[in-house]
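**Student:** The structure is given below, and queries will be raised subsequently.
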Amino acid sequence: MDSSPFSQTSLQTPPIQIAVIGASDATESERYDAERVGSLLAHHHVVLLSGGKGGVMEASCKGARDVGGLTIGIVPETQGNPYLSVIIKTRMNHARNVILVGSADAVIAIGGGFGTLSEIAFALKTGTPVFGIHTWDIEGVHPCSSPDEAVRLAIERIATL
């Protein structure tokens, strides 16, 4: 019998899906936070959605995969980072940002540039809650002081929807 958190039995109800977004040229601190977020999400049996490339995306996927989590990359072309369980090949470059956040129950943003800002905007426009760690300081983004706080608040918010 498969004892994985994503066994057939556990998939009878839709799993929570949280997108982790941020820069592909992330700082060491951002990569550390992203890896911690990924690990925490996996411990809570949350499916981690990602843009599938480097930086924050790769670090969060590594954190999740290191503890047996499921990671799905919605990638701009056809290749993704080595920590993805599933690659969705969009061939849509930045247009994939809409698909990524549209597939998420919540978004955790860590740092980031204009690509991250576009994902935040799409999420806020569609009512998807956004939790941020050292990211854009804009209305609608719930600022968090740590990965633990961001994951806890995201999961709690999804439970109330």
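The values are calculated or read from the model by the stated rules, or taken from the named source; none is laboratory data. Keep in mind that what you see is a predicted model, and the values were worked out from it rather than measured. Glycine also receives a Cβ, built like all others from the backbone with ideal geometry; neighbour counts cover every protein chain displayed.
**Student:** When you scan the stretch 111-130, do you find a residue that is surrounded by 23 or more Cβ atoms within 10 Å (Cβ to Cβ) and at positive phi, even just one?
**Tutor:** Within the stretch 111-130, one or more residues are surrounded by 23 or more Cβ atoms within 10 Å (Cβ to Cβ) and at positive phi.
**Student:** Output the residues belonging to the stretch 140-161 that are part of a loop (DSSP other than H, G, I, E, B) and surrounded by fewer than 12 Cβ atoms within 10 Å (Cβ to Cβ).
**Tutor:** Ser145, Thr160, Leu161
**Student:** Among Ala64, Ala19, Ala26, Ala95, which is the only one that is closer than 18 Å to Phe114 by Cβ and free of Cβ contacts under 8 Å to residues at least 60 places away in the same chain?
**Tutor:** Ala95
**Student:** Among the listed residues Val107, Val101, identify the single one that is closer than 21 Å to Gly55 by Cα and assigned to a helix (DSSP H, G or I).
**Tutor:** After ruling out the rest, the residue left standing is Val101.
**Student:** Right, something else. Does Lys62 count as modelled with pLDDT of 95 or more, more than 11 Å from the chain's Cα centre (by Cα) and in a loop (DSSP other than H, G, I, E, B)?
**Tutor:** So Lys62 does not fit the description; no.
**Student:** Suppose we filter Gln12, Gln17 for residues that are surrounded by fewer than 21 Cβ atoms within 10 Å (Cβ to Cβ) and modelled with pLDDT under 95; which single one remains?
**Tutor:** On inspection, the qualifying residue turns out to be Gln12.
**Student:** Give the stretch 67-98 a look and list any residue that's outside any loop (DSSP other than H, G, I, E, B) and surrounded by 15 or more Cβ atoms within 10 Å (Cβ to Cβ), or say none.
**Tutor:** Once the filter is applied, which keeps residues that are outside any loop (DSSP other than H, G, I, E, B) and surrounded by 15 or more Cβ atoms within 10 Å (Cβ to Cβ), the stretch 67-98 yields Thr71, Ile72, Gly73, Ile74, Val75, Ile87, Ile88, Lys89, Arg96, Asn97, Val98.
To keep it simple, each residue is scored yes or no on (1) buried (at least 24 other Cβ atoms within 10 Å of the Cβ); (2) of a type in the set (A, V, I, L, M, F, W, C); (3) at pLDDT 95 or above; (4) assigned to a loop (DSSP other than H, G, I, E, B).
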| site | (1), (2), (3), (4) |
| --- | --- |
| Met1 | no, yes, no, yes |
| Ser4 | no, no, no, yes |
| Ser7 | no, no, no, yes |
| Ile21 | yes, yes, yes, no |
| Arg31 | no, no, yes, no |
| Ala34 | yes, yes, yes, no |
| Gly38 | yes, no, yes, no |
| Leu48 | yes, yes, yes, no |
